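Worksheet for the structure shown next.
Values quoted throughout were computed directly from the atomic coordinates according to the rules given, and no laboratory measurement underlies them. Just so it is clear, the structure is predicted and the values come from calculations on it, not from any experiment. Cβ sites come from the backbone with ideal geometry, for glycine too, and all protein chains shown count toward neighbours.
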There are 2 protein chains.
Amino acid sequence: MNASKYHHGDLKRALLDAAEELLEEVGLQGFTLRACARRAGVSHAAPKHHFGDARGLLSAVAERGFGRLADALAAAIHPVKGDLVAEIQATCQSYVGFAENHPEHFRIMFRDDLICIDREHPPEPVARTFMELTNVILRQRGEPELKFSPYDPDRSDAVINDIILGWCYIHGYAHLRLEGQLTMIPENTHLAQMNLAAERLSNLLSAGHNAE
Amino acid sequence: MNASKYHHGDLKRALLDAAEELLEEVGLQGFTLRACARRAGVSHAAPKHHFGDARGLLSAVAERGFGRLADALAAAIHPVKGDLVAEIQATCQSYVGFAENHPEHFRIMFRDDLICIDREHPPEPVARTFMELTNVILRQRGEPELKFSPYDPDRSDAVINDIILGWCYIHGYAHLRLEGQLTMIPENTHLAQMNLAAERLSNLLSAGHNAE
DNA sequence: GGCTTATCTTGCCACTGTCAAGATAAAATT
DNA sequence: AATTTTATCTTGACAGTGGCAAGATAAGCC
């Protein structure tokens, strides 16, 4: 709490907070280890003990981002659970909205050259994000959803193909839009277009499965 | 030609070549303006006159990348033109293959925070890339393809929705795969999965249009 | 108390992007 | 052909960076 203390007490969290603030204010370009340290009120070499190097700090930032994305997805899907079309639309809006509201965060999360994520044993927030996305697809197929561990090696090819179609479309939309490539979409029709595409996607994924 | 000349003669091209070589060898992290200048055999401030700053050089690199992507797409699509499913599959393979073979190039091309592209009047390579992608979709719909200028403000919402579905899926697949996120796909089934998804996409896009 | 360990600081190094000023050569003008 | 103008490249400097090594401080533990 006290800034005069030699030992900060919660420097790791303070550095992460500072990093996120900096990313929002000046972007990834202006983001530096030293600026993070300054903002947290410590010396320029203080981050080393907690994060090793810049890659370590950014990896931790990315992990936080995945946690927030997973939260946003869960919150958006929950109110419409059961309505297959609305679920995909909510997932799209949430995912794309996250990229729009936290562009720098989103960029870092998908920068394999910048950060370091253990793919064998992914951090909990990463696994949770993927679980939310997978469960949306599973419900489209009328299959029981997962409670944990979305990385099931025995998943059938058909399920994987549905996951690919769903996630890749959503991510592609979010990424291309974030990087300014979807200029052919008039801004006032953007939401309608996204919802329409989501509906078509839902129809494709649920075809033949929800014959109840 | 002669390294002893004060005036290089073709420094702009030489710097771009050096930049691409550096990106391949050391990646975006190790890439610096000064390293480019060293490799081109000129002083550290020489790039300024041709590209202004680092952003200018990277933008030129990205433009080159779009040119190569457009070439690759055209070359991949041409042999199978007319076969709707094969066209989408070839487009996928070409796009994803480009990201795999030129990862750093691909990353820079879709970094709106790093480069600077005039969206009102896109450079020829950018427009050409988008034209190749748009034409694939138009042929799926049984509509005449474009010869130039894919940025048509009078395009109908239905066409735009098809473009979105197609391009976003393809780009999402390429990007997520490049950034190591598609770990649920066993590597030996990757191509089959991509082709299957492409076939399903083709069926969706061409439904009701190719009733010949 | 004394010892160990975790945490943070200080000082340093090579390196970076950018700028300003100057040097050189090519092109344009007369 | 001589001179002026312009384009191109070099040199030198500056503040800022990441990372390392060594030291300072404090907390925990016996």
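Key figures for this structure:
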{"quantity": "The stretch B:165-208 and the stretch A:143-192: distance between their alpha carbon centers, rounded to Å", "calculated": "10"}
{"quantity": "3J(HN,Hα) from dihedral phi, the stretch B:104-121, Karplus parametrisation 6.51/-1.76/1.60, rounded to Hz, x for glycine, proline", "calculated": "5, 4, 4, 4, 5, 4, 10, 10, 5, 7, 9, 9, 9, 10, 6, 6, 5, 10"}
{"quantity": "Angle in degrees between helix A:11-30 and the longest Cα principal axis of chain A, rounded to the nearest 10", "calculated": "70"}
{"quantity": "Phi to ³J(HN,Hα) by Karplus 6.51 cos²θ - 1.76 cosθ + 1.60 over the stretch B:151-159, Hz, x for Gly, Pro", "calculated": "8, 9, x, 9, 4, 6, 4, 5, 5"}
{"quantity": "Cβ-vector label at 7 Å, residue A:119, separations to other copies in nm", "calculated": "3.2"}
{"quantity": "Rounded to 10°, Cα long-axis angle of helix B:190-206 versus longest principal axis of chain B", "calculated": "60"}
{"quantity": "Inter-copy label distances at residue A:79 (7 Å, Cα→Cβ; nm, one decimal)", "calculated": "5.2"}
{"quantity": "Highest to lowest packing among B:150-157, B:14-21, scored as the average C-beta count within 10 Å", "calculated": "B:14-21, B:150-157"}
{"quantity": "Euclidean distance of C-alpha centroids, the stretch A:50-89 and the stretch A:103-126, integer Å", "calculated": "11"}
{"quantity": "Estimated D of the stretch B:31-126 in µm² per second, where Rh is the Kirkwood radius over Cα pairs and Stokes-Einstein applies at 10 °C, 1.306 mPa s", "calculated": "106"}
{"quantity": "Chymotrypsin sites (Phe, Trp or Tyr not before Pro) lying in DSSP loop within the stretch B:1-73, provided at most 16 other Cβ fall within 10 Å", "calculated": "B:6"}
{"quantity": "Net dipole in debye of chain A [+1 Lys, Arg Cβ; -1 Asp, Glu Cβ; about Cα centre; nearest 20]", "calculated": "720"}
{"quantity": "Nm distances between copies for residue A:21, ranked from closest, using label points 7 Å along Cα→Cβ", "calculated": "4.5"}
{"quantity": "Shape call, the protein assembly as shown: gyration tensor on alpha carbons, a/c limit 1.5", "calculated": "oblate"}
{"quantity": "Cα-Cα pairs of the stretch A:147-188 separated by more than 11 Å (percent)", "calculated": "72"}
{"quantity": "Per residue Cα convex hull volume in Å³ - calculated over the stretch B:100-139", "calculated": "91"}
{"quantity": "Taking the C-alpha atoms of the stretch B:79-145, convex hull volume expressed per residue in Å³", "calculated": "105"}
{"quantity": "Among A:134, A:32, A:91: highest mean-square fluctuation, GNM of chain A, C-alpha pairs under 10 Å", "calculated": "A:32"}
{"quantity": "Chain B: translational diffusion in µm²/s, Stokes-Einstein, Kirkwood Rh over Cα pairs, 37 °C, 0.692 mPa s", "calculated": "174"}
{"quantity": "For q = 0.11, 0.22 Å⁻¹, Debye-computed log10 I/I(0) when each Cα of the stretch B:103-205 counts as one equal scatterer", "calculated": "-0.42, -1.28"}
{"quantity": "Ratio of the Cα radius of gyration of the stretch B:1-61 to 2.2 N^0.38 Å, where N counts its residues", "calculated": "1.03"}
